[in-house]
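One structure is given here, and the rest of the page talks about it.
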Amino acid sequence: MHLADHIEVNPRVMLGKPVFRGTRIPVELLLRKLSEGATEQTLVEAYPQLTPAGIQAALVYAAEALSLEHAEPLAA
């Protein structure tokens, strides 16, 4: 999977946050919706520009981004 086919970072779009290519839909929004229990189907229905492959790319992107970060303990 080529992430660049689905995800882009452009300083002129959403202040440089990762978005789905050709949209202003932030990857962060999709991840939050998934964490709240949204399904792939409901996301594609709500955001017709998204595809199942794009949703999968967002998950891969998030995992890759986290692998590069220094993790801090979460507050209890």
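Read-outs: derived from the displayed coordinates by stated rules, not from any lab. The structure presented is a predicted model; accordingly, all values stated were derived computationally and were not measured. As a convention, Cβ positions derive from the backbone with ideal geometry for all residues, glycine included, and neighbour counts pool all protein chains shown.
With the simple spin-label model, which puts each label point 7 Å out from Cα in the Cβ direction, the Val9 to Ala53 separation comes to 2.3 nm. Give me Rg over Rh for the chain, both radii from the alpha carbons and Rh done the Kirkwood way, two decimal places. In the chain, Rg relative to Rh is 0.99.
How large is the helix-only mean residue ellipticity at 222 nm for the chain, computed as the sum of -39500 (n - 2.57) over DSSP H runs with n ≥ 4, divided by its residue count, in deg cm²/dmol to the nearest 500? It would help to have the intermediate numbers written out before the result.
Numbers: 3 runs with 32 residues, N = 76.
That calculation yields -12500 deg cm²/dmol at 222 nm.
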